[in-house]
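See below for the structure under consideration.
Derivation of every value follows stated rules applied to the coordinates shown; laboratory data play no part. In this text the structure is predicted, and so the values were computed from the model without any measurement. Backbone-built Cβ (ideal geometry, glycine too); neighbour counts: all protein chains shown.
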């Protein structure tokens, strides 16, 4: 597995990691044993970068990842994120419901409590990379990052990260404590980081970690119709998967499939190789809970697309090509702050 340096002074981690959101019941019911097997297969293949968050299944994803890493902690670079507060007793089956009672909190008072809770669920002593999941307008970034920096001083966290933030927020945060990575949605469907964020990361020596490099699955070419989604699949709530936009976006995948056929690989590997081609400071964390897809993702790290193929993809899927926003209106208000 190819490795890349995470930030200017960061460690070497695998270029392709494993996003663990699907360990919770996000794309329909998840099987913990299947998720654990996926983590073990990733480790066997040299995949070291594992990404989770407290809000994924109200902490369930963290628990499963922690269980999977027992006895193999030294092989893994563990990233988690804080944001969500849940009422006592919230479980994986209710965390996405309208009555879940969750609310976001990035106050400096909550940061150490959130970290301790994540450490307990993961069953580890130190989180390698700890992200603020979203920037809340009412909480100054200096206050939040100051509290995160205290976690580094206490040895509970090694590196700090931010997710879905504006360039100015990144700069202000970096002035308080070095930021190792910014996590943001980045794919052939979502080119937003190219509007200044990627350049700012490079100026500051910050890595960019791309989540949803498959456009939440559409770019894999395995979802021919919207009906392919299960009834409990949260993508049914996403604008790009709506009845209004799905067919348009699915049609865009045809060029990805054509390229895949020509170079002898899968559409998923083409989409992932495109993300990795954006620079050696770009990492990808495609999510899956199935070992066979872990294998496919790992193989994409060795895929190199020619300049001609990359230009063809850029021409066919320019910024704004995908129909519909990335999230519904409420969630979109929580990005780029």
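Brief remarks follow.
- Once the mean of 1/r is taken over each pair of separate Cα atoms and inverted, segment 158-202 shows a Kirkwood hydrodynamic radius of 10.9 Å.
- With semi-axes defined as the square roots of five times the eigenvalues of the C-alpha gyration tensor, the equivalent ellipsoid of segment 298-337 measures 30, 16, 8 Å, largest first.
- Restricting attention to the chain, close to 20% of DSSP beta bridges with both partner residues there are antiparallel.
- For the pair residue 32 and residue 154, a Förster radius of 41 Å applied to the C-beta separation gives a FRET efficiency near 0.85, rounded to the nearest 0.05.
- Relative contact order (percent, whole number), the chain, Cα cutoff 8 Å, 6+ residue spacing: 22
- Convex hull volume per residue, computed on the Cα atoms of segment 195-238, equals 102 Å³.
- Cα pair distances of segment 181-321 binned at 5 Å [whole percent]: 2, 10, 20, 23, 21, 15, 8, 2, 0
- Segment 239-260-segment 274-311 distance, computed between alpha-carbon centres (Å): 19
- Entry for segment 93-247 at q = 0.16, 0.19 Å⁻¹: log10 I(q)/I(0) = -1.03, -1.21, Debye formula applied to identical alpha-carbon scatterers, no solvent contribution.
- The stretch between residue 116 and residue 143, if pulled fully straight at 0.36 nm per residue, gains 7.9 nm over its current Cα-Cα span.
- Counting 0.36 nm for each residue step from residue 75 to residue 302 and taking away their Cα separation leaves a gain of 79.7 nm.
- For segment 117-218, the relative contact order comes to 23 percent (Cα pairs under 8 Å, sequence separation of at least 6).
- Directionally averaged projected area (segment 67-157, Cα convex hull): 6.7 nm².
- Within the chain, the proportion of C-alpha pairs whose separation exceeds 35 Å stands at 15%.
- Relative contact order of segment 173-259, pairs being alpha-carbon contacts under 8 Å that are 6 or more residues apart, as %: 25
- Each of residue 254 and residue 231 was given a label point 7 Å from its Cα along the Cα-to-Cβ line. The distance between the two points is 3.3 nm.
- Nearest 10 degrees, 0 to 90: helix 167-176 Cα axis against the chain principal axis: 30
- Length gained on full extension, residue 295 to residue 263, computed as 0.36 nm times the residue gap minus the Cα-Cα distance: 9.7 nm.
- Rounded to the nearest 0.05, the FRET efficiency derived from the C-beta distance between residue 203 and residue 2 at R0 = 25 Å is 0.55.
- The angle separating the long axis of helix 246-263 from the principal Cα axis of greatest extent in the chain is about 70 degrees.
- One quarter of the convex hull surface built on the alpha carbon atoms of segment 170-254 amounts to 6.8 nm², the projected area averaged over directions.
- Angle in degrees between helix 32-44 and the longest Cα principal axis of the chain, rounded to the nearest 10: 80
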